[in-house]
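Here the structure comes first, spelled out in structure tokens, and everything after it is commentary.
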Amino acid sequence: MLDLEALTQAIGDLDEGQVVELLEGFVASKPSSAEANQVVGACQRGMSIVGDFFEKKEYYVGDLIFAGELLNKAIEILKPVIGGENTGKVGSIVVGTVQGDMHDIGKNIFASMVEAAGFVVYDLGIDVPPVAFVEKVKEVKAEILGMSGVLTLAIDSMKATVKALDEAGMRDQVKVIIGGNPVTEEACKQIGADTFTTNAAEGVKICQGWVK
Ligand code: B12
């Protein structure tokens, strides 16, 4: 198992060479998906360090952009080993980053993992307006809607989306899960989602439970 703290630190330091070396060694060791999920968690914590430096004005927007590219590269390396266990119980899920928010790294991680677990995934991308979520859920008769967002304003967009589902008379036909750094139990209640998580692997397990 690789040194998780060293990986978190290397991401926080934006040390691409070290990140790639650690991850390539890890993938070559043929890890279990549980170990791979721990590595995703270490990457996530590294991004929090980047966020803290940004808040303290030690990193700038250019560093955030680089961090985003670095994490996308990390996830590409990890893709062959991450993913929920494929239970063969498939369902369909619409995912997207909510209106006003361009952050898609966490959403992409969740989408890859839930797809690896056997779900049919309809990924609407970033900055998705409520009406687009509603139309897609209706079109593909999705069992689950997964919304992602990391900006504080994402909470309002998630709430507007659940309201739009309600107004379309569809709220009872679809389970709603939300993810991303700012989601909490309180936000979940306020939004009217069924559940929330800041851990993609946990999100996959919840979705599997829903389509049993
Ligand atoms: C990388 C980054 C960027 C990149 C994004 C690149 C990309 N392609 O996504 C870029 C440079 C574009 C960017 C831009 C901006 N950013 Co930015 N960014 C970040 C940073 C450093 C990391 C975010 C991230 O990828 N985290 C790692 C992922 C893996 O974590 P995650 O999203 O939580 O996902 C995990 C779980 O939550 C879960 N999950 C996520 N989604 C879902 C969905 C479902 C359904 C499920 C089940 C699970 C799930 O799975 C993932 C794995 O476990 C954060 C700092 C931080 N602490 O978050 C700031 C941060 C989010 N950004 C911030 C800001 C301010 C901005 C800008 C406004 C900066 C600017 N002045 O322009 C813009 C906003 C643009 C916009 N409108 O969206 C602030 C937000 C403040 C706030 N409270 O609103 C933060 C917190 C930095 C800070 N501390 O100030 N950013």
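The values are calculated or read from the model by the stated rules, or taken from the named source; none is laboratory data. Remember, it's a predicted structure, so these values are computed and weren't measured experimentally. Note that we place each Cβ from the backbone using ideal geometry, even for glycine, and neighbour counts take in every protein chain shown.
Quick notes on this structure:
- Condition met for MET147 (within 8 Å of the ligand (Cβ to nearest atom), in contact (Cβ under 8 Å) with a residue 12 or more places away in the chain and either outside the structural domain of SER48 (by TED's automatic domain parsing) or part of a helix (DSSP H, G or I) (or both)): yes
- Odd one out for GLY68, checked against (1) of a type in the set (Gly, Ala, Ser); (2) closer than 16 Å to LEU7 by Cα; (3) assigned to a loop (DSSP other than H, G, I, E, B): (3)
- Top-ranked residue in the range 115-144 [being in a helix (DSSP H, G or I) and modelled with pLDDT under 95; ranked as farthest from MET102 (Cα to Cα)]: ALA116
- Flag for ALA168 being among the small types (Gly, Ala, Ser) and crowded, with 17+ Cβ neighbours inside 10 Å: no
- Taken over the range 75-103, the residue count meeting the criterion of being under 15 Å from the mean Cα position of the chain (by Cα) and modelled with pLDDT of 95 or more is 9.
- The one condition from (1) outside the structural domain of GLN173 (by TED's automatic domain parsing); (2) among the β-branched types (Val, Ile, Thr); (3) under 21 Å from LYS175 (Cβ atoms) that ILE65 does not meet is (3).
- The condition of being in contact (Cβ under 8 Å) with a residue 40 or more places away in the chain and either surrounded by fewer than 16 Cβ atoms within 10 Å (Cβ to Cβ) or in the same structural domain as GLY51 (by TED's automatic domain parsing) (or both) holds for only one of LYS163, LYS136, LYS141, that being LYS141.
- Residue within the range 155-175 that is near the ligand (Cβ under 8 Å from one of its atoms) and in a strand (DSSP E or B) present: no
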